[in-house]
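S.K.: Pasting in a structure now, in structure tokens, and then I'll have a few things to ask.
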Amino acid sequence: MSFRENIALNINTRLKELKITQKTFAEKLNIKQATVSKWVSGTQVPDIDLIPAVCKELGLTLNELFGIDDANSDTLEAMKLYKAYIEHPDVRGSVDILLELKKDR
């Protein structure tokens, strides 16, 4: 599963667990419902500035949102990787490939 797919799955799963609609979630974050819909479908990921609010509203840690299993992962390092993932398409492709390789082990 790609990094983008992990985020989409974790947001969607948590919204269902909390019984929160995409519209309600969007209102809490002061964004459009279409934006949340894109996150849930995996066509986009949350802007880095919204990540803390997304985690807070969903009651998730950053590692949980990103689908990082290692409980000892450094959150700051995860944020740096996420920023690189968002800002650089070449990094995004590499991360997706690495996640697929890790999954296949």
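S.K.: Mind listing whichever residues of the stretch 36-59 are under 22 Å from Arg92 (Cβ atoms) and surrounded by fewer than 17 Cβ atoms within 10 Å (Cβ to Cβ)?
M.R.: Within the stretch 36-59, Ser37, Lys38, Ser41, Thr43, Asp47, Ile48, Asp49, Leu50, Pro52 meet the criteria.
S.K.: For the stretch 48-105, name all the residues that are modelled with pLDDT under 70 and within 18 Å of Val36 (Cα to Cα).
M.R.: Listed by number, the list is empty, since nothing qualifies.
S.K.: Out of the residues in the stretch 1-41 meeting the condition of being of a type in the set (D, E, K, R) and closer than 20 Å to Gly67 by Cβ, tell me which one is modelled with the lowest pLDDT.
M.R.: Step by step, filter the stretch 1-41, then rank; the result is Arg4.
S.K.: Give all pairs with beta carbons closer than 6 Å in which a residue from the stretch 79-105 that is closer than 17 Å to Thr43 by Cα and surrounded by fewer than 16 Cβ atoms within 10 Å (Cβ to Cβ) meets a residue that is at pLDDT 75 or above and β-branched (Val, Ile, Thr); count only pairs at least 6 apart in sequence or on separate chains.
M.R.: Lys83/Ile48
S.K.: In the stretch 41-69, what residues are part of a loop (DSSP other than H, G, I, E, B) and more than 11 Å from the chain's Cα centre (by Cα)?
M.R.: Thr43, Gly59, Asp69 - these are the residues of the stretch 41-69 that are part of a loop (DSSP other than H, G, I, E, B) and more than 11 Å from the chain's Cα centre (by Cα).
S.K.: Any chance you could count how many residues in the stretch 24-35 are of a type in the set (D, E, K, R) and either in contact (Cβ under 8 Å) with a residue 12 or more places away in the chain or assigned to a loop (DSSP other than H, G, I, E, B) (or both)?
M.R.: 2
The values are calculated or read from the model by the stated rules, or taken from the named source; none is laboratory data. These figures come from a predicted structure and were not determined experimentally. Cβ coordinates were reconstructed from backbone atoms using ideal geometry, including for glycine residues, and neighbour counts include every protein chain displayed.
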